[in-house]
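Notes to accompany the following structure.
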Amino acid sequence: MNNRRTPRITGIAVALAGLLFLAGGVWLSWLGGSPYYAAAGIGLLATGIGLAKGARWSLWVYAAVWLGTLLWSFYEAGLDVWQLEPRLMLPTLLGLYLLLPRVRNRLSPPAPASRVWNVASPVLAVALVGGLFFAHSWPQPSQPSQPVEPAAASPVAQADGSDQSGNDWAYYGRTPRGERWSPLAQITPQNVSKLTPAWEYRTGDLPRKGENVDGYEFNFEVTPTKVGDTLYICTPHSQIIALDAVSGAQKWRFDPKPDTHNNAYLACRGVAYYQAPAPRATCTQRIIAPVADARLVALDAETGKPCEGFGEQGFVSLRAHLGEVQPGFHFVTSPPLVVNDRVILGGWVYDGQKTHEPSGAVRAFDPLTGEMAWAWDVGRPDSPIAHPRADEQFTPGTPNAWGVYTADVARGLVYLPTGNAVPDYYGAQRRPFDEQYSSATVALDIETGRPRWSFQTVHHDLWDMDVPIGPSLVDLPGPGGSTLPALVQTTKRGELFVLNRETGQPISAVEEKPAPQGGLAEERVAKTQPYSVGMPSFAPPQVTEQDTWGITPLDQMLCRIEYKSMDYKGAFTPFTVEKKTLVYPAFDGVIDWHGASVDPEHKRLYANLSYIPFVAQTYARATAEQKGLVEPWDGNGTPPRPKKFAINPQYGTPYVVKVDPWLGIFGAPCKAPPWGQLAAVDLVKRTLLWKHDVGTTRDMAPFGLHTNLPLPTGIFNIGGNIVTRSGLIFMGATADDYLRAFDAGTGAELWRVRLPAGGQATPMTYMGNDGRQYVVIAAGGHGGLQTRAGDYLEAFALPRAGG
């Protein structure tokens, strides 16, 4: 009896797996999916019964199952290793286990197995798993691209008043143009491998109770501003800190003590710098920063003390003229844009909560007094409110512009990335002016706030596909040796729109294509959507059943069942109450708030891409309340906070929408890798130069653990990249907690360093007064990606001469 214990236990386990596959396979076949799982379930059930009886024929049955699985896998997935992994890995490992003498020698009739299999099976198993680390040929050139010597390249002319030496990084994108390009070239592809830690600073600002759970996010996403010998940063709780750029030593800290008890999202991506045109007793140089409870503060850049003449004791309320603003329903996450003596900003509005949320009006303030210079309110586009009366309010519920703005200072234009009118997933109540300006790039006059032009990237947006960052500006060659003033607008969709930045007209072709129809009874759906057919597209192809994925055949089968049960007609599938809807790409986007970097000399764009499908479930309000997803609300006071950030109550509409990432039972995505990539585009030839998977699964283990095998699948990323004249791309962003350097010419990874927490921020670089080039990134984690939280600012540089 004891001799047959091993195959009996194995047989019971295999038989149970067979029953699961048989039941799931029949269900999947009934839905119109692959019949493989039902057939495999029968084979596994027979194998398990045979093993439990100690019958040798069970091995032949399993051999047939494995061979059928092999043929089916190659038929569906070809030679795609990541597609083959869930189909073949466990079945093959089980087959190798069954070849062990301890199993085979206990089956009847007896036919003793060679002891060679005691070694051969484990070796083959290790080789099979280990082979996944070499699943892709990572780009590794024989030698890195040669850097462009600083003396050989002239600075790109920019009439924005910003530093062109590269010593400073005075805006989120280094200049108002949003290029995220540095003319520095001390760190090159040849010496980048020698980068070492230069200093580390810890802010002490960490998540408080309830701030990083249930989808509510606490994210350290700051890109430091560097002017002179000082770095300026802000923390998620709006503390503003000045650091010595060479040592990282703190110079001063200011805490505005904001009320953030109802903020669903805590982040501050940067601060702005302003220098007064004439010397003053104090506050000639100012740091102007957002505060998380809808305030704006101006601080003396030398001392960190509030500038008394700015607003009231250094503060301006951003709730003014917005009517009733419930706590947490309006605040600013992006740095204001300070150009031409204007402080220009909009704000983040709590998505999906109710109708008539705070206005998305964009305002400009005087950087010395804090007085409002103008406000652009789409509800009254022909008469921007320059000096509103005390009782005058902006139009509620209009599209907001929460991302970083960019500007063509010489032409007097600021470019706004707009969202859609609230609530995001229901558009039946939207007004004509909401429809005109939602999910668009809008050019305003810096001086007056009057709109010059707008270009819409999504019509009647029902998917929260707002434009998350202002465009990057670049001058492109035109006909007859002329120069085209262009901009490149990245989008969550993965489309790249190249427009004339003076007129808003497309430079590369844009085509309207038919969009899926249907949806909710009260809703209308746009018949077409714009596609940038003249540029390479990073939009993902339509998902098929064969694209579903899992760690094991079981979760892949369950993902297939869910896929066949959902409504999905490709991008822009409208929501219904009858079925869940697969949304891909979704609100997290292919390219989110970080945008892309642009090399103005080589006319190239570099973008890191993320591919995460989501599932939306729409409920009638009564059903949602019955299920306890939302609480009833009579419209008075602050709406009840949803139990999870994924729930959109949409009070004032008939529907509640819940949006979650499409994950399997083990937390792995239900779509096959790659999940993250880095790509380069030639903006002159309008061609894709290269695209490679980036990032590993090291920190993406099930149950929120950070001890997974670092499989090179390409991984989700949030946070931008920067590019230098020497031909280097620096990027953190990936969910495996690394900062990496890539060769801009090939995309090859040249250097990486482990960060103490998630690096979901855009890095920056500058020249210190010690003559060394520094690369700095915030490492604080991201609640949405569930990376490790922290409060670190990490700086890297080449070793000191002689050190």
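Read the figures in this text as sums done on the coordinates, not as results from a lab. Everything quoted here is computed from the prediction, not taken from an experiment. Here the Cβ positions follow ideal geometry from the backbone for every residue, glycine too, while neighbour counts run over all protein chains shown.
Couple of notes before you dig in:
- Summarising the amide proton neighbourhood of Ala571: residues at separation of 5 or more, or on other chains, whose placed amide H is nearer than 5 Å comprise an empty set.
- Normalised contact order of region 625-784, rounded percent, pairs of Cα under 8 Å and 6 or more residues apart: 12 percent
- Cβ-based charge dipole, the chain, positive-most Cα from Gln285, Leu22, Leu755: Leu22
- Listed by Cβ neighbour count within 10 Å, with the fewest neighbours leading, Glu179, Glu217, Glu308 appear as Glu308, Glu217, Glu179.
- Spin-label pair Ala428/Ile12, simplified geometry with 7 Å Cα→Cβ offset, distance in nm: 5.5 nm
- Average Cα contact separation per residue, the chain, under 8 Å, 6 or more apart, as relative contact order %: 13 percent
- Cα lying deepest toward the dipole's positive end in the chain, options Leu476, Gln250, Ala198, charges on Cβ: Ala198
- Label selected from (i) 105, 81, 52; (ii) 98, 71, 57; (iii) 109, 74, 47, the criterion being Cα extents along the principal axes in Å as computed here: (ii)
- Cα centroid separation - region 740-773 against region 191-265, whole Å: 18 Å
- Charge dipole magnitude, Cβ of K and R +1, D and E -1 - region 452-602, Cα centre, debye nearest 20: 320 debye
- Cα long-axis angle, helix 57-77 against the chain (0 to 90 degrees, to the nearest 10): 30 degrees
- Theoretical gain in end-to-end length, Gln313 to Asn708 [0.36 nm per residue, Cα-Cα removed]: 137.1 nm
- Share, in percent, of DSSP beta bridges within the chain that are antiparallel, nearest 5: 95 percent
- Whole-angstrom gap from region 53-102 to region 582-623, using each part's C-alpha centre: 37 Å
- Exposure proxy ranking, count of Cβ atoms within 10 Å, fewest first, for Leu51, Leu318, Leu90: Leu90, Leu318, Leu51
- Only Lys, Arg (+1) and Asp, Glu (-1) charged, at Cβ; region 2-134 dipole about Cα centre in debye: 840 debye
- Phi angles across region 532-542 convert, under the Karplus curve 6.51 cos²θ - 1.76 cosθ + 1.60 with θ = phi - 60°, into 3J(HN,Hα) values of 8, 6, x, 10, x, 10, 9, 5, x, x, 4 Hz, Gly and Pro given as x.
- Separation between Cα centres of region 343-401 and region 657-723, rounded to whole Å: 36 Å
- Charged side chains reduced to their Cβ positions (Lys and Arg at +1, Asp and Glu at -1) give region 675-791 a dipole of some 220 debye around its Cα centre.
- At q = 0.09, 0.15, 0.19 Å⁻¹ the log10 of I(q)/I(0) for region 2-134 amounts to -0.28, -0.76, -1.11, computed by Debye summation with a single uniform scatterer per C-alpha, solvent ignored.
- Degrees, to the nearest 10: 553-565 long Cα axis against longest axis of the chain: 60 degrees
- Loop-located GluC sites (Glu not before Pro) across region 574-655 with a Cβ neighbour count of 11 or fewer within 10 Å are Glu578, with loop assigned by DSSP.
- In region 197-288, trypsin sites (Lys or Arg not before Pro) in a DSSP loop with at most 11 other beta-carbon atoms within 10 Å: Lys209
- Seen against the Cα atoms of the chain and their longest principal axis, helix 116-130 is set at about 20 degrees.
- Under the simplified labelling scheme, the Thr638-Arg208 pair shows an inter-label distance of 1.2 nm, with each label point 7 Å from Cα along Cα→Cβ.
- Farthest towards the positive end of the charge dipole of the chain, among the residues Ser383, Val723, Ala789, is the Cα of Ala789, using unit charges on the Cβ of Lys, Arg, Asp and Glu.
- The trypsin sites (Lys or Arg not before Pro) found in region 300-391 that occupy coil by DSSP, while having at most 14 further C-beta atoms within 10 Å, are Arg389.
- Residue list for region 99-124, given a label point 7 angstrom along the Cα-to-Cβ vector of Leu67 and an amide N cut-off under 17 Å: 99
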